[in-house]
Amino acid sequence: MKKIILILILAVSLSNINAFAASGFEAILNVPLGLSAGIPVGTYSDVESIKGKAGFDSGITAQLGYMIGLGKIGISILGELGYSYDSYRYYSKENFGSLASYEYTSGLHTHSFQIGLLPKVNIGAFAVGVGFGVKIPVSGYSTYKAEGSVAGIEGSTSTEKLSLNRDNFENYDRNVIPYIKATFDYSFFFTSKIALNVGAYLGYDFGLASKSPIDGEYTGIDSFDIGLQLGLRFAPKL
């Protein structure tokens, strides 16, 4: 009986060792590329003529942490930091009957330091992550374009581009950009610990905004982001 108990204890111990054999340090160098759709919020969302417009996002981030392996399933607890380029664009129109119409396109483009958390569930080579964090704009530029037509005949066009720094961003009541996102990745392992990551992401940025002195509501342009990402992953293979 004692031998049977000893064998059972040994078997359980070995199974636990195998279950956690894939645990270890994890690091991913990641490059996202995608599109953003501007979303007017606050007072902007109540103005019928103001609509969001498509923009472009990119960046480079490092995801660092630890993966706990449980057989073919792993739990990754990752911190994320890096650089993010984001655009928040919208346009508006003014019509003066059949006499004249004007269209205005505005955009805010930011270069930001990004920091956040991105927990992931790994099932074999596939991983799903849900994360959050903040982007801290350090530089960027704003764009403005006005186009007009009179009696159906195109008129003049004017454009403007203004460089921005951190001092300019401090003028916003919400001068950092909180974000949430979901990621979907597949790892193609070259070795037992090195893989090429190919995936996609969905995200939402709560853009820079000013607070209304009347109702305290934030007014600005958020964005919904969707894109692809490519990365180099260092992690134990499940």
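The values are calculated or read from the model by the stated rules, or taken from the named source; none is laboratory data. Please read these numbers as outputs of a predicted model, since none were measured by experiment. In this analysis, Cβ positions are derived from the backbone assuming ideal geometry, glycine residues included, and neighbour counts consider all displayed protein chains. Note: areas computed on protein heavy atoms with side chains; ligands, DNA, RNA excluded. Shrake-Rupley method; radii C 1.70, N 1.55, O 1.52, S 1.80 Å.
Observations on the model:
- Only Cα pairs under 8 Å and 6+ residues apart enter the sum, and on that basis the relative contact order of the chain stands at 21 percent.
- Globularity index of the chain, i.e. its alpha-carbon radius of gyration over 2.2 N^0.38 Å: 1.39
- Residues listed by number, the stretch 44-79, amide nitrogen under 17 Å from Ala125 label point at 7 Å toward C-beta: 72-74
- Placing unit charges on the Cβ atoms only, positive for Lys and Arg and negative for Asp and Glu, gives the chain a dipole magnitude near 1560 debye about its Cα centre.
- Packing-based ranking, highest mean first, of 171-177, 158-164 given that Cβ atoms within 10 Å are counted: 171-177, 158-164
- Test item: Cα-centred dipole of the stretch 104-238, Lys/Arg +1 and Asp/Glu -1 on Cβ, debye: 840
- Per residue value of the accessible surface for the chain (all protein chains in place, 1.4 Å probe), Å²: 55
- Charge dipole of the chain about the Cα centre (unit charges at C-beta), most positive-ward option of Val47, Gly148, Ser163: Ser163
- With all protein chains in place and a 1.4 Å probe, the accessible surface of the chain carries 68 percent carbon and sulfur.
- Between helix 2-19 and the chain: long-axis angle, C-alpha atoms, 0 to 90°, nearest 10: 30
- Glu217-Leu33 pseudo-label distance in nm [points 7 Å out on the Cα-to-Cβ vector]: 3.9
- Dividing the summed -39500 (n - 2.57) terms of all DSSP H runs of n ≥ 4 by the residue count of the chain sets its mean residue ellipticity at 222 nm at -3000 deg cm²/dmol.
- At R0 = 41 Å, FRET efficiency that the Cβ-Cβ distance of Tyr144 and Leu196 yields, to 0.05: 0.50
- Annotation: lysines with alpha-carbon distance below 26 angstrom to Lys211 (same-chain offsets under eight excluded): Lys51, Lys53, Lys93, Lys135, Lys145, Lys161, Lys181.
- Computed from the C-beta positions of Ile136 and Lys72 and an R0 of 30 Å, the FRET efficiency is 0.20 to the nearest 0.05.
- Placing R0 at 25 angstrom, the Cβ-Cβ distance between Leu162 and Ile60 gives a FRET efficiency of 0.45 after rounding to 0.05.
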